[in-house]
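Asker: Below you'll find the structure I mean.
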Amino acid sequence: MNKKGFIYRAFDLYYDGFRHMTLGRTLWAVIIIKLIVIFLVLKVFFFPNFLKQKAEPGREGAFVEQQLMKR
């Protein structure tokens, strides 16, 4: 790889930065755990499987088509 290329220098900057982190690793772990929890909670409570509740099994496509045609 060309050591003077932009991509190599950018990769090296981030690689070196993450390698020498101490407190940052803990903070990144906390951030990732919070994101996982938030998205799981959002998925379960705010985005229920609407097709599974309203459409007959195997007829999901027809249900979506019917709902789109109504609008």
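Asker: From the list Phe47, Phe63, which one is open to solvent by 100 Å² or more (accessible area, probe 1.4 Å) and not acidic (Asp, Glu)?
Answerer: From the options Phe47, Phe63, the qualifying one is Phe47.
Asker: Let me ask another. Just one of the numbered conditions (1) over 25 Å from the mean Cα position of the chain (by Cα); (2) open to solvent by 70 Å² or more (accessible area, probe 1.4 Å); (3) aromatic (Phe, Trp, Tyr) is not true of Tyr8; which one?
Answerer: The single condition Tyr8 does not satisfy is (2).
The values are calculated or read from the model by the stated rules, or taken from the named source; none is laboratory data. Being a predicted model, the structure only gives us computed values, none of them experimental. Only protein heavy atoms, including side chains, enter the accessible area calculation; ligands, DNA and RNA are left aside. Shrake-Rupley method; radii C 1.70, N 1.55, O 1.52, S 1.80 Å.
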